[in-house]
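Below: the structure, in structure tokens.
The values are calculated or read from the model by the stated rules, or taken from the named source; none is laboratory data. The model shown is predicted, which means the values in this text are computed figures rather than measured ones. Neighbour counts run over all protein chains shown; Cβ positions are idealised from the backbone, glycine included. To get the accessible areas, we keep the full protein, side chains included, count just its heavy atoms, and leave off ligands, DNA and RNA. Shrake-Rupley method; radii C 1.70, N 1.55, O 1.52, S 1.80 Å.
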Amino acid sequence: MILSMKWLSDFTDVSDVSVKEYCDNMTLTGSKVEGFETLGEEISGVVAGRILSVTPHTNSDHLVICSVDIGKEDPLQIVTGANNVFAGAVVPVATDGSRLPGGIKIKKGKLRGEVSEGMLCSIAELGLTTHDMPGAIEDGILILNDCGLKDAQIGADIHDVLLLTDTAVEFEITSNRPDCLSVIGLARESAVTFGKELNIPTPSFGEDANDGDDIKNYLSVNIKAPEHCMRYSAKVVKNVKIAPSPLWLRMRLRASGVRPINNIVDITNYIMLEYGQPMHAFDYSCLDGSHIIVRHAEENEEYVTLDNIKHNLNSSMLVIADEKKPVALAGVMGGANSGISDTTATVVFESAVFHPGNVRRSAQTLGMRTESSSRFEKGLDPENTISALARACELVRELGAGEVVDGLIDVYPTKKEAVKLLLDADIINKFLGVNIESSRMEEILLSLGFGVEGNEIIVPSWRDDVRLMPDVAEEIIRIYGYNDIESTVDRVYGTGMRTPSQAFEVRLRDMLLGMGLDEIQTFSFISPKFYDKIGMKADDMRRNSVTIKNPLGEDTSVMRTTVIPSMLNVLSDNSSVKNRDVTLFELGTVYIPTEEGKLPDERRKISLGFYKNGEKGTDGFYRMKGYIEALTDIAGIDNVKFESCSEDAAFHPGRCAVVSVNSRELGIFGEIHPTVAANYGFTEQVYVCELDFKTLFEEKRKAVDYRPVPKYPAVERDFSFVCAESLEVGAIAEVMKAAGGRLLESVELFDVYRGRQVGEGMKSVSFAVMLRDPEKTLTDEESDKVAEKILKALEEKLGIALRA
């Protein structure tokens, strides 16, 4: 919204405030100012002059010499090439040393041997257009006589002559304050901000002509879609005289960023800016049947807008129609078939309120957002339509643009009810953390146009954004002044702390960082193609992802169900720039779809990944296994199980394992399948893991048991077995632990041998078993019994025996 400060002065006087101070204070009270512009500030030294004589230039066939009176003792001699100058013409004269828009400086000089003491200006050289100055021509000097300014005072500053004495302030109005998309709305805010008197005259339709004519003789209105048209008001003006608007009105529109067109159209734009109520003017002769119908469009109904663009409407769009055709798209733009022209003799003024959502959808669908639609889509006050119409009729009479026909059409299906709220100073003060007296609150609300009766607040009709106590509190504090809130000591109730889950996450992160891993953060939005890239099977349930309705693109169209592609992407980026040794981790989130219409299940995942140039064989597998064991150790989990896995297509079938803790699956890790590695451009062996944070947290040791330092020595026994290559050493260790009972303290693998001595398809595995009795020293006989139990269990359950 661009506000003319001259226009503002019609309603409140802030002339004693500098523009900078005005902008700063308006921003502080909630009306954010983007900037301001002093109109015509690039122009200086330009005055109104009258051409006394025009004589040909003796040394040129296209130049003339003008003698120009600018109100001084001697006239100026100015050489010009314009062919529209004549004796008696009143023109803008740029004198020696004057400045024009674009940084142009005018200096006295000679043209073809003749002295020229200035320059006669065109509209373009003054930064104006033919819309601003109707009657002027684009390729000649601005003749003020042709623009109704022949009586301009000779020698007067051109700023005063052309009313270029305004300042335009640009506001960024939030969508909940459509009332501030008007001069009156901003005048109300200005008056309250600076403690000034607000004067909003009540417009009048004027006295009836009593000529026997009535609007009923011209028009009737029927609203067939009351859910989308809350109020429709209309007036008729006859004997219309289409002409340019007066200079003061054109300059106000120009200062507000609106192009002047003609008196009738300018009146509707003027009302839109002054009252915030968009209006439309129909040529009455173009309305078939003298009947206006507010209805929904027919499916694929054709409609041509004022800009002569053809549109096909749909049945959700609201139109203003006569008995045969649509003549306006409600709240957006009028039709070319009913626009104002030079031959218009009778005009219908429309002032209505349409459903904001319907206007917005129509404008978006057709790609034609306008000044009108931008106001309607924020929600307008239906109580404002009559005032706007009355003001329009005032301007018609003031401009001599026509005769207002007696009578008013006003169709108001459901009257808007006033909103009433409780004024409780104690609750508001507690909410704001201030101590404002109730009388001061009442004073602020009254100045903003609210009604106050006892402890009841009556919200004005133009403030649809005020519906609850916090809304009232905001109104009070923004006018009271945020800078006037006294500093107080915070009242802290209890001690803030992390939840157990958050604290555990911090411990994991610190440990991983301490182990030399680097943390990454990746987007939760991925492309469905990522699943193909890691070789995920077509029937894998993880392909069932949450789809984004309005994605930025295909690459971010679904919510991930696994973090592995994200980790591989980052590792691939590092590999492509030759980072030789990269080890990363991420605490990320995956989104698992649930029932239709419900939010997905969000699960935190721990992802680790690394590659290292030169690392070969299974070294990386055991390195990753060590990272995972460190995670389970910090969680205090003893019962950790690793089982080989060959079903996940993302991993190398012989170098992949599923991790379980206390019989619950924790996750998966291993070397990436060579095909998948090639998809990402890796030349190194790459290892990743994905662990479920919630499972790790829920299975972590809840309390630490104290164990004293052993008093009695341990007995260590080594066992070597020959077994099938397919038998996992983890299974052997599990059987040994179960058979050893309470005397078995630990089982550790210390050697694996494969060779001709054990045979093809076989391997030799060696374990160190630690036995200890916490209450006494074990005898050889007791140790032997435990060893025999272990060997017997291995033979019975796994079919293996000691290596010979």
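Observations
- Projecting the alpha carbon convex hull of the stretch 693-804 along each direction and taking the average yields 9.4 nm².
- Look at the Cα gyration tensor of the stretch 336-393: its axes a ≥ b ≥ c give a/c of at least 1.5 with a/b at or below b/c, and that counts as oblate.
- Both the radius of gyration and Dmax for the stretch 1-121 are 20.6, 65 Å, in that order, over alpha-carbon atoms.
- Whole-angstrom gap from the stretch 191-244 to the stretch 381-416, using each part's C-alpha centre: 0 Å
- Expressed in Å, the radius of gyration and Dmax of the Cα atoms of the stretch 287-342 are 10.5, 34.
- Between helix 619-634 and the chain: long-axis angle, C-alpha atoms, 0 to 90°, nearest 10: 80 degrees
- Where V404, V319 fall by accessible area, highest first, once all protein chains stay in place (1.4 Å): V404, V319
- For the chain, the Stokes-Einstein estimate of translational diffusion at 4 °C and a viscosity of 1.567 mPa s comes to 37 µm²/s, using the Kirkwood hydrodynamic radius over alpha-carbon pairs.
- Dividing the summed helix terms, -39500 (n - 2.57) for each DSSP H run of n ≥ 4, by the number of residues in the chain produces a 222 nm estimate of -7500 deg cm²/dmol to the nearest 500.
- Annotation: the antiparallel percentage among DSSP beta bridges lying fully within the stretch 186-319 is about 55.
- When the Cα convex hull of the stretch 398-516 is projected onto planes of every orientation, the mean area is 18.5 nm².
- For the stretch 439-587, the C-alpha radius of gyration divided by 2.2 N^0.38 Å, with N the number of residues, is 1.85.
- Compactness relative to 2.2 N^0.38 Å, alpha carbon Rg of the stretch 186-229: 2.10
- Theoretical FRET efficiency, 1/(1+(r/R0)^6), r = Cβ-Cβ of N217 and D540, R0 56 Å, to 0.05: 0.15
- Across the cross-link table entries K32/K196; K711/K763; K702/K792; K537/K763, which are compared at the Cα atoms, the separations over 29 Å belong to K711/K763; K702/K792; K537/K763.
- Over all pairs of different C-alpha atoms in the stretch 170-308, the reciprocal of the mean inverse distance, the Kirkwood hydrodynamic radius, equals 18.4 Å.
- Segment K785-E716, length gained on full extension (0.36 nm per residue, minus Cα span): 23.5 nm
- Normalising the average separation of contacting C-alpha pairs (under 8 angstrom, six or more residues apart) by the number of residues puts the relative contact order of the chain at 8 percent.
- Taking the Cα atoms of the stretch 78-215, the ratio Rg/Rh between the radius of gyration and the Kirkwood radius comes to 1.15.
- Distances between every pair of Cα atoms in the stretch 71-152, grouped in 5 Å steps from 0 to the bin holding the largest one, split as 3, 14, 23, 25, 21, 10, 3, 0 percent.
- Note on N435 and A738: the model spin-label points, each 7 Å out from Cα along the C-beta direction, lie 7.4 nm apart.
- Per residue, the convex hull volume that the Cα atoms of the stretch 272-382 enclose (Å³): 100 Å³
- For F682, solvent-accessible area (1.4 Å; no DNA, RNA or ligand), Å²: 20 Å²
- Descending semi-axes in Å of the stretch 232-276, equivalent ellipsoid built from Cα gyration tensor: 19, 15, 7
- Volume per residue for the stretch 40-93 equals 94 cubic angstrom (convex hull of Cα atoms).
- Global dimensions of the stretch 171-247 from alpha-carbon coordinates: Rg and Dmax equal 18.8, 49 Å.
- Principal axis dimensions, largest first and in whole angstrom, of the stretch 575-669 by Cα: 50, 37, 28
- More than 13 angstrom apart: percent of Cα pairs within the stretch 666-735: 82 percent
- Under the convention that each Lys and Arg Cβ holds +1 and each Asp and Glu Cβ holds -1, the size of the dipole of the chain around its Cα centre is about 2280 debye.
- Its convex hull of Cα atoms gives the stretch 521-632 a direction-averaged projected area, equal to a quarter of the hull surface, of 8.8 nm².
- Principal axis dimensions, largest first and in whole angstrom, of the stretch 111-156 by Cα: 37, 24, 15
- Computed over the stretch 1-41, the P(r) curve from all C-alpha pair distances, binned at 5 Å from the origin, holds 5, 20, 30, 34, 10, 1 percent per bin.
- Student exercise, the stretch 523-666 dipole from Lys, Arg, Asp, Glu Cβ charges, in Debye to nearest 20: 300 debye
- The chymotrypsin sites (Phe, Trp or Tyr not before Pro) of the stretch 340-430 include none that meets both criteria, a DSSP state outside H, G, I, E and B (loop) and at most 11 other C-beta atoms within 10 angstrom of the site's C-beta.
- Projecting the Cα positions of L287, A168, A243 onto the charge dipole of the stretch 160-315 (unit charges on Cβ atoms of Lys, Arg, Asp and Glu, taken about the Cα centre) puts A168 furthest along the positive direction.
- Its residue count N sets the reference 2.2 N^0.38 Å, and the alpha-carbon radius of gyration of the stretch 508-582 equals 1.29 times that reference.
- Hull volume per residue, based on the alpha-carbon atoms of the stretch 315-468 and their convex hull, is 186 Å³.
- Surface per residue (accessible, 1.4 Å probe) for the stretch 733-784, Å²: 60 Å²
- Hydrodynamic radius by Kirkwood, which averages 1/r over all alpha carbon pairs of the stretch 631-751, in angstrom: 17.2 Å
- FRET efficiency for K110 and N145, using Cβ-Cβ distance with R0 set to 30 Å, rounded to 0.05: 0.55
- With every protein chain in place, the stretch 467-581: carbon and sulfur % of accessible area (1.4 Å): 52 percent
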